[in-house]
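The values are calculated or read from the model by the stated rules, or taken from the named source; none is laboratory data. Please read these numbers as outputs of a predicted model, since none were measured by experiment. Backbone-built Cβ (ideal geometry, glycine too); neighbour counts: all protein chains shown.
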């Protein structure tokens, strides 16, 4: 194998890697970041990178990569939402348990207060009966 026979495939791999890096950085920075999509130069660079990537890797490859990245980001967001929702559910359960315990404590305190009042009324009645009143 000679260097001249290795160079074309190597150039293609390097070009594909560079284009993939550009597309992924665009996805990471967001579709509407000021550095890319909000100015003309950014849109031109993005468009040319996509065209070159499609030329080297095959038509529609850039859109396939964008679609896959968007799909993966959606899955990640779904997992984040699911985890957040589960955490909120656990928090609600804890709140409910605390509220229940507060209610039980209030009920027990009221029962104890009633018992004290009843016993003090009994003591007062006993004292009155003792002195004949």
> Checking residue 31 against (1) at pLDDT below 85; (2) not in a loop (DSSP other than H, G, I, E, B), which test does it fail?
Replying inline: (2)
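Can you confirm whether the range 110-129 contains a residue that is touching a helix residue (DSSP H, G or I) at 6+ places or on another chain (Cβ under 9 Å), on the phi < 0 side of the Ramachandran plot and either outside any helix (DSSP H, G or I) or surrounded by 10 or more Cβ atoms within 10 Å (Cβ to Cβ) (or both)?
For the range 110-129, residues touching a helix residue (DSSP H, G or I) at 6+ places or on another chain (Cβ under 9 Å), on the phi < 0 side of the Ramachandran plot and either outside any helix (DSSP H, G or I) or surrounded by 10 or more Cβ atoms within 10 Å (Cβ to Cβ) (or both): absent.
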>> Out of 75, 48, I need the residue that is assigned to a helix (DSSP H, G or I), at pLDDT 80 or above and more than 17 Å from residue 22 (Cβ to Cβ). Which one?
In response: 75
